[in-house]
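These notes concern the structure reproduced below.
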Amino acid sequence: MTPGASLLITYKTHTLRNIRAIIKYFFAAMLKVIRTVGMTLSMYFVTHVFVFVVLPLAIMVSYVHKDKIPALKQWFVKILFFIVGKKLEVLGSGNVNPNRAYVIVSNYPSFYAGFALIGAFPRASVVAHAFMKNVPLLGQVLARVGAIFVQPGRAGQGKKTIELHLSAREAVPSVIIFPEGKRTPDGQIHLFRRGFISFLRQTSHELLPVTLNGLYRLKPMKRFFIDPDAQPEMVIHAPLGRTTVSQMSDEELLAEALRIIASVYRP
């Protein structure tokens with residue numbers, strides 16, 4: 001074989017490989033576009049239909065069979081993630097003692113963050129933004145399941161609301177709080193506010209840090225479509241017991257909670 005013929009064969013081989021790689025990349029890109037569009041449409045349309053069917057049912061159940069609310073919460077959250085083609089992986093479940101009450105604090109990466117925690121801790125109350133109380137159906141359901149509505153930005157208002165909630169109940173269940181106060185706009189974990197410490201100091205609850213991973217990538221605040229390659233994950237850390245909490249200042253608790261949650265965080 002002449003050198004020229006050998007070069008021609010090599011050239012054709014490389015060209016064929018490049019064409020195959022381009023075709024493979026094209027079909028992979030098209031498949032991702034189809035998955036993204038499908039999941040996004042599912043989120044916007046199926047979720048809304050589901051919500052307007054399920055929430056009225058949840059309201060009725062909460063009046064008739066209040067003991068079924070935790071199971072209904074878990075079912076609702078599983079369906080919500082199923083709609084967007086995802087299953088939330090939970091790590092560290094062994095760190096939770098069902099006979100103890102916790103102040104559960106977590107980063108706030110996405111709209112799905114609250115639902116993820118409600119599904120994992122169905123008997124816990126949720127601290128929610130005051131405007132949620134006025135959302136049709138959803139506000140009624142949150143109120144029925146013991147949500148605590150606070151107005152961020154008003155000096156002392158959140159603390160007063162928490163104190164009122166504590167005084168009105170004989171037994172205070174675990175409570176879910178997002179110390180950042182609002183969803184992250186950039187995927188980073190931002191400084192924590194002190195609200196959860198006020199709750200912690202007035203109860204015998206332990207502090208339970210939780211890290212939510214992959215939810216920012218799934219659906220951040222400023223993006224309208226779902227990322228089909230996101231991998232939602234919840235990491236439940238070891239709790240900080242009452243002895244540890246009592247020995248720490250407010251500033252130390254803020255720093256330690258943030259450090260633990262950020263230690264394994266990925267957007």
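The values are calculated or read from the model by the stated rules, or taken from the named source; none is laboratory data. If you're wondering where the values come from, they're calculated on a predicted model, not measured in any experiment. Because the Cβ atoms are built from the backbone with ideal geometry, glycine has one as well, and the counts that use them run over all protein chains shown.
Every test in (1) modelled with pLDDT of 80 or more; (2) aromatic (Phe, Trp, Tyr); (3) in contact with a helix residue (DSSP H, G or I) (Cβ under 8 Å, 6 or more places away or on another chain); (4) exposed (fewer than 15 other Cβ atoms within 10 Å of the Cβ) is passed by PHE81 save one, and that test is (4). For segment 157-169, state whether one or more residues are surrounded by 21 or more Cβ atoms within 10 Å (Cβ to Cβ) and at pLDDT below 75. Within segment 157-169, one or more residues are surrounded by 21 or more Cβ atoms within 10 Å (Cβ to Cβ) and at pLDDT below 75. The residue of segment 96-117 that is farthest from ILE226 (Cα to Cα), among those that are of a type in the set (Val, Ile, Thr) and buried (at least 22 other Cβ atoms within 10 Å of the Cβ), is VAL103. Counting only residues that are within 19 Å of the chain's Cα centre (by Cα) and surrounded by fewer than 19 Cβ atoms within 10 Å (Cβ to Cβ), segment 190-219 holds 3 of them. Among the residues of segment 220-250, those identified as exposed (fewer than 15 other Cβ atoms within 10 Å of the Cβ), more than 20 Å from GLY187 (Cα to Cα) and either among the hydroxyl-bearing types (Ser, Thr, Tyr) or touching a residue at least 40 places away in the same chain (Cβ under 8 Å) (or both) are ALA238, THR243, THR244, SER246, SER249, ASP250. If you go through segment 230-262 and pick out every residue that is part of a loop (DSSP other than H, G, I, E, B), farther than 16 Å from PHE199 by Cα and touching a Pro at 6+ places or on another chain (Cβ under 9 Å), you end up with 2. Listed by first and then second residue, the pairs with beta-carbon distance under 6 Å, at least 6 apart or on different chains, first residue in segment 195-206 and within 19 Å of PHE149 (Cα to Cα) and in contact (Cβ under 8 Å) with a residue 12 or more places away in the chain, second part of a helix (DSSP H, G or I) and not hydroxyl-bearing (Ser, Thr, Tyr), are GLY195/GLY158; ILE197/ASP250; ILE197/LEU253; SER198/LYS159; SER198/ILE162; PHE199/ILE162; GLN202/LEU166.
Look at segment 80-92: where a residue is touching a residue at least 24 places away in the same chain (Cβ under 8 Å) and under 15 Å from ASP227 (Cα atoms) and a partner is charged (D, E, K, R) and assigned to a loop (DSSP other than H, G, I, E, B), sitting 6+ places away or on another chain with Cβ atoms under 8 Å, you get PHE81/LYS87; VAL84/LYS219.
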